[in-house]
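The values are calculated or read from the model by the stated rules, or taken from the named source; none is laboratory data. As the structure is a prediction and not an experimental result, all values here were calculated from the model. For neighbour counting, all protein chains shown are included, and Cβ atoms are generated from backbone atoms with ideal geometry for every residue, glycine included.
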Amino acid sequence: MDILNENLSKNLSKNLSKNLSKNLSKNLNDNERIDDLELDNLKIIQDKTKFCFGIDAVLLSSFVKAKKNDKVLDIGTGTAIIPLLLYGKYKVDNIKAIEIQKDMADLAKRSVLYNKLNDKIEIISGDIKEFDKYFEHSSMNIITVNPPYMNGLGGIKNPDLPLAIARHEIKCTLEDILFAASRILKVKGKIYMVHRPSRLVDIFTLMRKYNLEPKTCRLVYPYKDKDANMVLIEAIKGAKPLLKMESPLIVYKSENEYTDEVLKMYGKKNYE
């Protein structure tokens, strides 16, 4: 009898998830669309008037070294692009993600439901500065973050608040994020970040302040003859000092044509 009830419960859960997925695709809000991630049949719901994911999320997800059993937290998840990519690439099945903007968190939750991953990815609508409400100390193996790049002194604030929050340190600062990460990560746990090279001194200084030792760094160049415009960083909580600089990552080999390495990160093959 117990086995029968268990099977009925599983079937009901599958049917409910399937129906929810169908309803979500039929009831998109204005300006929303479903984009194919071209990875493990995963899709994402995005609002074209709000912040949509870019190549930095793809590069970060490929830079992460994750295993299926890792406990992962994505800070400032937006529409949950990083959790979806981490599941698609590494089959990580214990991912939490926090997002301060309620409408973005709603999009993230609906994307997770659409992909039937609500038993693997949990979206939290909340403020990382209040991390004690949501996470135990020393509970995560990996933290990922694609934070706002601009501090209070740099860049022009976008008049559209959702875009401004995604790009500027309005709701939280780099220090807020690294302080929270230092508390949430286990000893020897790793944080992976994508940011701007112009903030490297700030990043390294604050990481060391909070016992997060930078271990691997990779500069990203749009073209081989242009200056770096992104940087990928891995830091380990409680590690000894020793920084490895990886070979440069070049995004484009010609206009609008990705290099083979970037195509591979997108899961595409270059047959030329």
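Considering every residue within segment 118-131, establish whether at least one is among the aliphatic types (A, V, I, L, M) and part of a loop (DSSP other than H, G, I, E, B). Show your work before the answer.
The initial filter retains those residues of segment 118-131 that are among the aliphatic types (A, V, I, L, M), namely 121, 123-124, 128.
Add one more test, that the residue is part of a loop (DSSP other than H, G, I, E, B), and what stays is none.
So far as segment 118-131 goes, no, none of its residues is among the aliphatic types (A, V, I, L, M) and part of a loop (DSSP other than H, G, I, E, B).
Got at least one residue in segment 161-172 being at pLDDT below 95, exposed (fewer than 15 other Cβ atoms within 10 Å of the Cβ) and in the same structural domain as residue 125 (by TED's automatic domain parsing)? Let's see the steps before the verdict.
Quick first cut of segment 161-172, residues at pLDDT below 95 only: 161-172.
Those left that are additionally exposed (fewer than 15 other Cβ atoms within 10 Å of the Cβ): 161.
Retained after the next criterion (residues that are in the same structural domain as residue 125 (by TED's automatic domain parsing)): 161.
Within segment 161-172, one or more residues are at pLDDT below 95, exposed (fewer than 15 other Cβ atoms within 10 Å of the Cβ) and in the same structural domain as residue 125 (by TED's automatic domain parsing).
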Looking at segment 30-86, which of its residues are without any contact (Cβ under 8 Å) to a residue 60 or more places away in the chain, aliphatic (A, V, I, L, M) and over 15 Å from residue 107 (Cα atoms)? 37, 85, 86
Residues of segment 99-146 being surrounded by fewer than 24 Cβ atoms within 10 Å (Cβ to Cβ), closer than 23 Å to residue 189 by Cβ and among the acidic types (Asp, Glu), which ones? 122, 127, 130, 132, 136
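Quick grid of which residues meet (1) touching a helix residue (DSSP H, G or I) at 6+ places or on another chain (Cβ under 7 Å); (2) part of a strand (DSSP E or B); (3) not hydrophobic (A, V, I, L, M, F, W, C):
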residue	(1), (2), (3)
176	yes, no, yes
183	yes, no, yes
186	no, yes, yes
240	no, no, yes
Tell me, which residue of segment 242-272 that is assigned to a loop (DSSP other than H, G, I, E, B) and among the aromatic types (Phe, Trp, Tyr) is nearest to the chain's Cα centre (by Cα)? 266
Residue satisfying all of: in segment 44-85; touching a helix residue (DSSP H, G or I) at 6+ places or on another chain (Cβ under 6 Å) and surrounded by fewer than 24 Cβ atoms within 10 Å (Cβ to Cβ); nearest to residue 196 (Cα to Cα) among these: 57
